[in-house]
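Student: Please see the structure below; I have some questions.
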Amino acid sequence: MRYMKASAIILMLWPYLGFVLFGIAGRLELPFLFWVHTALTVVVYVMCILNACRCRGEGCAYQLAFWNMLIKLVHIPYYLFTLLVGILLLAVMVVPAFIFASPILVLVLSVINYLLLLTSSVYGINAVLRGRKEGTLPTKTAVCHGILHLLFVTDCISAVIVFVKLRKEKKKKITAEN
C-alpha cells in the first residue's frame, strides 16, 4: 500500500511539475529538459500502472477507488488549463503562421491529456475489477464504470461514484462484523 500511495501522489503532482519544469527550461534556455521530462513521464506512468495492478488483498478495491478519485479531482485544473490553451491555439489560427501549427499542437495536447487520463484510470479500472471480484459491484455496474473511466469528464464522475459505492459496502461489512 505504501508504494501505491507514493505513486498516486507522484501522478497527482506530475502534470503540474511539467508546467514548472517547462517554465524553468524556457527561462534558462535548456531545451534538453523537455526530453528529460518526457523520459521521466514514461517512467512515472509505467510505475503508476504497475503499482495500481499490484494491489492485492482485502480492501484493495476501496484503496484503489480512493486514490483514483483523488487523482482525478486533483487533475481537473490541469485539464481545464490545457483545454483553454487548446481553445486559444484554435482561436489564433487567423494568423497565417498558426494555420498549420495550431491543429498539430492541439492534437499533441490531446494525446498527452488522454495518456494521462488512461494512466490515472488504471486505478479506477482496477478498483472496479477488484470490487467485482469481491462481490461489492454487480457485473453490469462494473462494465459501465470500466467504460466511463476511458472518457473525459465521465471518468471523474465514475471515480466518485465507485468510491462512494465501495465505501458504503465497506461500512456495511464493518457493521455486519460487529
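The values are calculated or read from the model by the stated rules, or taken from the named source; none is laboratory data. Since the structure is predicted, the reported quantities are computational estimates derived from the model, not experimental observations. So basically every Cβ, Gly included, is an ideal-geometry build from the backbone, and we count neighbours across all protein chains shown. Heads up: the accessible areas ignore ligands, DNA and RNA and are worked out on the full protein's heavy atoms, side chains in. Shrake-Rupley method; radii C 1.70, N 1.55, O 1.52, S 1.80 Å.
Student: Just to check your reading of the model, which residue among TYR79, TYR114, TYR62, TYR45 is open to solvent by 50 Å² or more (accessible area, probe 1.4 Å) and not acidic (Asp, Glu)?
Tutor: Just one listed residue meets the conditions, TYR114.
Student: Considering only the stretch 63-83, state which residues are within 19 Å of LYS168 (Cβ to Cβ), aromatic (Phe, Trp, Tyr) and within 12 Å of the chain's Cα centre (by Cα).
Tutor: Listed by number, the list holds a single entry, TRP67.
Student: Report whether or not LYS173 is surrounded by 12 or more Cβ atoms within 10 Å (Cβ to Cβ), assigned to a helix (DSSP H, G or I) and free of Cβ contacts under 8 Å to residues at least 24 places away in the same chain.
Tutor: Answer is yes for this residue.
Student: How about the stretch 26-52: which of its residues are closer than 18 Å to LYS5 by Cβ and of a type in the set (Gly, Ala, Ser)?
Tutor: The one that is closer than 18 Å to LYS5 by Cβ and of a type in the set (Gly, Ala, Ser): ALA52.
Student: Within the stretch 25-58, which residues are outside any helix (DSSP H, G or I) and of a type in the set (Gly, Ala, Ser)?
Tutor: GLY57
Student: Taking LEU84, is it open to solvent by 30 Å² or more (accessible area, probe 1.4 Å) and farther than 21 Å from ILE9 by Cα? Give the steps one after another, and end with the answer.
Tutor: Numbers: open to solvent by 30 Å² or more (accessible area, probe 1.4 Å): yes; farther than 21 Å from ILE9 by Cα: yes.
When the stated conditions are applied, LEU84 passes them.
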